[in-house]
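Inspection log for the structure reproduced underneath, given as structure tokens.
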Amino acid sequence: MSIVKFPNVAGGLNTDLSPEELGPGFWSSSQNMRFGDGYASRMRGTTAAFTTPAITPYYLISYATPSAKFIVYAGLITIYCDDGTTRTAITGTAPTGAIDDRWTGGAVNGVLVLNNYIDVPRYWAGVPATPFAALPGWNSAWRCKVMRPFKNYLVALDITKSGTRTPHTVKWSNTLAPGAITGSGDWDHTDPAIDAGEQDIMGEDLLVDCLPLGDVNIIYKERSMWAMSLCGAPYIFRFQKLPGEYGMLARGCAENTPLGHVVMTSGDIIIHSGQGCTSIANAVIRNYIFSNISQTYYQRSFVTSNPGRNEVWICFPFGSEASTCNRAAVWNWVDKTWAIRTLTNVTYGTTGKVNYSASGINWSDASTTWETQPGNWNDYDYSPAESRLMLCHTNPYISLADVGPTDFGSVITSTLERTGMHIDNPQGVKVCKAVYPRIDGTTGQTVQIEIGGSMTANVAPTWSAPVTFTIGTDQKIDAFAAGRYLSVRFTHTGYSPWRIRSFDMDVKEQGKF
């Protein structure tokens, strides 16, 4: 008998390299597991929050005033705000856009601005009794693909004036006073007395979106990036092309992190801080994402963050039949690990602080015993002082992500799999008879463990029957697998969180044949 130790399980997921090439700690397949702090841990659940939407929400943003915190979500013809207690329709004039006329916007000087390209941009000052109104100073014959705040300005991209589209035009408003929104003439770029302006960023690729990065606004086209920086009169802003041929896949496909922007491009996931781009997905998970993303609805992808976990979520429609985001490729910017999270009909996501009074489970409603009930007594998963990831769904739901033990009451299936383990001898045949896992979790919960073997690289292993490992009771599982390349799989379906910190395998060398 020879015990082979696997002390590192937190290297993360790598689906793009051949399993035989992976180093210690990496997994060739996983689902709903995250990696960090020396563990592979099951991800937490998704919990419906706020009043159930009366419409299917396609956009979601967190917005705060001095007296209240709101989530604002928009459907095709209706916009709502919710302060955690009361939901209020704040639509004003009904929008006329379709699903793929994605909303953009943000808060500037305390005023929320939204735009969907089909209608005139609109604003809301945070009073539920007063609905959205048309953006003052904006010509009613103009439209723009994107409108975002930057410093004390509003920036519009891809402009259409009286039916004539100029897809390379960047337009900005006059300087806005604190607490104010644009007024009459504030978008007139021909008036030398104000700071409003226009600039064409030429090239064959079209404008897609923009996102501030420190003191500059990064403008993303389809295959290029430009820095928009304040330079003062008479030009107000200057524009500088950044190195590289990377752009953005679709609106909403970039997120700010402490390390810079993480961007989903037309074929990669990159990170940059304005000084050059680096792929964070190449030879790790890039092929998985772009080989499986819907070729019809890929522009419904978006990028958001889960700051409490130091994570960026790359959300995309997985598979040819998917029309909403049903997968998230999750990158941890501290541990530099990748993971996969399954999603339920997600249309958009955002991060922010909101008022939400989460209710716990009453003891009379609990379906388990005191010893096996997940969580802590009188403990809540949500704090209004903490910025959290929120998602909207076609179900329809507004949800808090990474909260609770279930996905809307349904159990979560989590898996870890590593195939192609040659244990430093790819020519030798091995026999595995047992696995000794070190798993943390609720006493009595079970994890199914399988082992497999293959005689040839890149050939699917022959798996043993699943064997039940009971946390708090068992020390090992007995099974049998043989081959030059061994495999192991851990599967858990249930309500309780669990994590694995290491495992051993009982392996015996058999020779070359």
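Numbers below:
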quantity: Count of residues meeting criterion [open to solvent by 30 Å² or more (accessible area, probe 1.4 Å), closer than 16 Å to I79 by Cβ and part of a strand (DSSP E or B)] in the stretch 53-68; calculated: 1
quantity: Residue selected from the stretch 77-97 under the condition open to solvent by 60 Å² or more (accessible area, probe 1.4 Å) and not in a strand (DSSP E or B), by the criterion nearest to Y58 (Cα to Cα); calculated: I77
quantity: Residue match in the stretch 23-35 (condition: of a type in the set (S, T, N, Q) and assigned to a loop (DSSP other than H, G, I, E, B)); calculated: yes
quantity: Residue selected from the stretch 41-52 under the condition under 17 Å from G308 (Cα atoms) and part of a strand (DSSP E or B), by the criterion nearest to the chain's Cα centre (by Cα); calculated: T46
quantity: Residue match in the stretch 109-124 (condition: part of a strand (DSSP E or B), at negative phi and open to solvent by 40 Å² or more (accessible area, probe 1.4 Å)); calculated: yes
quantity: Every residue from the stretch 166-185 that is buried (at least 22 other Cβ atoms within 10 Å of the Cβ) and assigned to a loop (DSSP other than H, G, I, E, B); calculated: S173, N174, I181, T182
quantity: Among the residues listed as K151, K145, the single one being on the phi > 0 side of the Ramachandran plot, of a type in the set (D, E, K, R) and open to solvent by 30 Å² or more (accessible area, probe 1.4 Å); calculated: K151
quantity: Among (1) charged (D, E, K, R); (2) assigned to a loop (DSSP other than H, G, I, E, B); (3) closer than 22 Å to N310 by Cα - the single one R102 does not satisfy; calculated: (3)
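Each row is one residue, and each column tells you yes or no for (1) in contact (Cβ under 8 Å) with a residue 12 or more places away in the chain; (2) out of contact with any helix residue (DSSP H, G or I) (no Cβ under 8 Å at 6 or more places or on another chain); (3) open to solvent by 20 Å² or more (accessible area, probe 1.4 Å); (4) charged (D, E, K, R).
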{"residue": "D191", "(1), (2), (3), (4)": "no, yes, yes, yes"}
{"residue": "L207", "(1), (2), (3), (4)": "yes, yes, no, no"}
{"residue": "I218", "(1), (2), (3), (4)": "yes, yes, no, no"}
{"residue": "K221", "(1), (2), (3), (4)": "yes, yes, no, yes"}
{"residue": "S224", "(1), (2), (3), (4)": "yes, yes, no, no"}
{"residue": "M248", "(1), (2), (3), (4)": "yes, yes, no, no"}
{"residue": "S273", "(1), (2), (3), (4)": "yes, yes, yes, no"}
{"residue": "C277", "(1), (2), (3), (4)": "yes, yes, yes, no"}
{"residue": "A283", "(1), (2), (3), (4)": "yes, yes, yes, no"}
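The values are calculated or read from the model by the stated rules, or taken from the named source; none is laboratory data. All of these numbers come straight from a predicted model, not from anything done at the bench. Heads up, the Cβs are rebuilt from the backbone with ideal geometry, glycines too, and the neighbour counts pull from every protein chain shown. Each accessible area value is taken on the protein alone, full model and side chains, heavy atoms only, with ligands, DNA and RNA left out. Shrake-Rupley method; radii C 1.70, N 1.55, O 1.52, S 1.80 Å.
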